[in-house]
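Single-structure report; data block below.
The values are calculated or read from the model by the stated rules, or taken from the named source; none is laboratory data. Fair warning: this is a prediction, and the values are worked out from it, not measured in the lab. Neighbour counts are summed over all protein chains in view; Cβ atoms, including those assigned to glycine, are modelled from backbone coordinates with ideal geometry. Keep in mind that these areas ignore ligands, DNA and RNA; they rest on the heavy atoms of the full protein, side chains included. Shrake-Rupley method; radii C 1.70, N 1.55, O 1.52, S 1.80 Å.
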Amino acid sequence: MANSLHRDGVRRLVAKGAQLVEVLPAAEYDEEHLPGAVNIPLKTLGTETIADLDRSRPVIVYCWDSL
Amino acid sequence: MSPRAACRLETLGFTAVYDYTAGKADWLAAGLPTEGTATTTLRPGALARTDVPTCAPDETVAIARRRVAASGEDRCVVTFGGGVVLGVLDQSALAGDEDTPAVDAMRSGPATVRAHEDLHALVGRMRARDVAAILVTDPDGRLLGLLHRDDADAALAQAHQTGRQAR
């Protein structure tokens, strides 16, 4: 089970090199996303779409909210 | 959605996976920077004045009065613990006994809005209730600034002329 992060934790971890992944659909990502985030919609998350992620660095995933 | 994405990444072999459960809504509500086509959208957080006079609960009305006089604002926000809004000293409180601690003179629990609220709708509510300015806080209750209705009206009018979107 992945660890949950608060906003301040996200900022700290990103400053240390963590990768941000928005899992919302592309249209929502295009409209607005966190700085430096890449878009991998949940429905497409798989071996091919994660190829560009660096496995040696932490990954932070997010969507719209917790609901 | 993000918990499932985090689990999926772990099944794909990633070992350091974190879930920002509060997500983009939380980030926007905190007025933090974003990228994308909507970043020019007018929002309360971007229009709020950030040089709002503040004081600690145990500071006196006299101290708050001096800060307000130097700021050009008409109120002092009482904050605690890294900027969490406790209350407001308005003109009436500021005119009271100068030795009273702010916490005893303040109006508790003032109305606040989030940084990413719909600006049009917010200004409409402020106008209907004759509210000249409202505090903008992040989801943790920390002060981000003070949104003046006049500033918002001016920005919306300019946006209307240039076709810029307000949200």
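A few remarks follow.
- Paramagnetic reach from B:Cys7 (point 7 Å along Cα→Cβ, amide N under 11 Å) across the range A:42-67: none
- Each of B:Phe80, B:Pro101, B:Leu28 was placed along the dipole of chain B (beta-carbon charges, centred on the mean Cα), and the one lying farthest toward the positive end is B:Leu28.
- Label point at A:Asn3 placed 7 Å out along Cα→Cβ; residues across the range A:22-62 whose backbone nitrogen lies under 19 Å: A:54-62
- Note: the protein assembly as shown, Cα convex hull, 139 Å³ per residue.
- Rounded to the nearest 20 debye, the dipole size of the range B:39-162 about its Cα centre is 380 debye, using +1 on the Cβ of Lys and Arg and -1 on the Cβ of Asp and Glu.
- Across chain B, the fraction of Cα-Cα pairs farther apart than 28 Å, rounded to a whole number, is 36%.
- Shielding value for A:42-51 is 2, the average number of Cβ atoms from other chains within 10 Å of each residue's Cβ.
- Each residue of the range A:39-46 is assigned a 3J(HN,Hα), and the resulting list reads 10, 10, x, 3, 5, 9, 5, x Hz, derived from the Karplus form 6.51 cos²θ - 1.76 cosθ + 1.60 (θ = phi - 60°), x at Gly and Pro.
- Here the label points at B:Ala56 and B:Gln91, each 7 Å from Cα along the C-beta direction, are separated by 3.0 nm in the simple model.
- Note on chain A: with charges restricted to the Cβ of Lys and Arg (+1) and Asp and Glu (-1), its dipole about the Cα centre is near 460 debye.
- Residue ranking by accessible heavy-atom surface, 1.4 Å probe, largest first, among B:Met106, B:Met1, B:Met126 comes out as B:Met1, B:Met106, B:Met126.
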